[in-house]
Structure formats: C-alpha cells, structure tokens
1. Over segment 4-116, what is the relative contact order in whole percent, taking alpha-carbon pairs under 8 Å and six or more residues apart?
2. Would you list Ile112, Ile34 from fewest to most Cβ contacts within 10 Å?
3. Only counting other Cβ atoms within 10 Å, I'd like Asp118, Asp79 sorted with the fewest neighbours first.
4. Given axes a ≥ b ≥ c from the Cα gyration tensor, I'd like to know whether segment 6-90 is rounded (a/c under 1.5), prolate (a/b larger than b/c) or oblate.
5. May I ask for the equivalent-ellipsoid semi-axes of segment 44-124, computed as the square root of five times each C-alpha gyration tensor eigenvalue and listed largest first in whole Å?
6. Loop-only GluC sites (Glu not before Pro) in segment 35-124, please: DSSP not H, G, I, E or B, and at most 15 other Cβ atoms within 10 Å.
7. Between Ala77 and Glu58, what is the spin-label point distance in nm, taking each point 7 Å from the Cα along the Cα→C-beta axis?
8. Using a Gaussian network model of the chain whose springs link C-alpha atoms within less than 10 Å, name the residue from Arg41, Arg114, Arg15 with the highest mean-square fluctuation.
Amino acid sequence: MTTQFDEQGREFDERPWGRYVVLDDTEHFKVKQITVAPGKRLSYQSHAKRSEHWFVVEGVATVTLDEEVFEVRPGSAVDVAVGTRHRCGNDGTVPMVFIEVQYGESFGEDDIVRYDDDFGRADG
C-alpha cells in the first residue's frame, strides 16, 4: 500500500467506509480526522498496544464497545481502552466526522484484530 498525502502534506487514505486524514503523528500518539460515509461502518476490532479517544464533531456516531451499542452526538466523546472490541458507524444520511486520538506503543495496521468487517477484512 502506497502512502498518500493531501495538498497540505498530511497522510490520508480512502477506505470503503469513508476516509481519514492524519493530523499529527508522534512516537506516543497519533491524531486522525475520520469521516464515515452514510450507512457505512468501520470493522469491529481491538488493539493490544493502544487506546483511543473519539470526539464526534459532525453527524451521529453509532458506537459499539464490547457488544454494547449506543449513539454519540457532536460535542460528545467516548474512550476505547486497550483490548476493548469496538466499532464506529454512521446510520445517518450525512457524513459523520470524528477526531480520533490514539495513545500507546503502536499505531500501525499490525495492531488491529478484526472480528467482523462489512468489506471482507475480518481475521477469521
């Protein structure tokens, strides 16, 4: 996979569920702006080496944490602890945008275990 950069030099990627832009990336944390298209959702996953904090800024997020499902509206946030199975989706009709702060030892794709995925990327 080739890393892409936008006109401001920020890493980004288009995904089947929407897109993300990396706003900051250091040794200890990474910050992304994530846009989820209407009717789409990210995979149900967990991480062994990082926690995440999600702050919703547009639309309404449908969040799953260890099988508990609830809505998160703009101006509200949710914390995802290391090892928690989680998913964020958009059941609405407009794009949903949240800011994700990752904190921990690793921020790569190698620290993702996918349990369920609408796009065939589950780990089994």
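Rule-based calculations on the coordinates, nothing more; no lab input. Just so it is clear, the structure is predicted and the values come from calculations on it, not from any experiment. Note that each Cβ is placed from the backbone with ideal geometry, even for glycine, and that neighbours are counted across all protein chains shown.
1. Taking the mean separation of contacting Cα pairs over the length of segment 4-116, I get 32 percent.
2. Ile112, Ile34
3. Numbers: Asp118 16, Asp79 11.
In increasing order of surrounding Cβ atoms, one gets Asp79, Asp118.
4. Numbers: a/c = 1.67, a/b = 1.21, b/c = 1.38.
Note, shape of segment 6-90 comes out oblate.
5. On the way: eigenvalues 85, 48, 24 Å².
Gyration-tensor ellipsoid for segment 44-124: 21, 16, 11 Å.
6. Values: sites: Glu52, Glu58, Glu67, Glu68, Glu71, Glu100, Glu105, Glu109; in loops: Glu67, Glu105.
In loop regions of segment 35-124 (DSSP not H, G, I, E or B), the sparsely surrounded GluC sites (Glu not before Pro) are Glu67, Glu105.
7. 2.1 nm
8. Arg15
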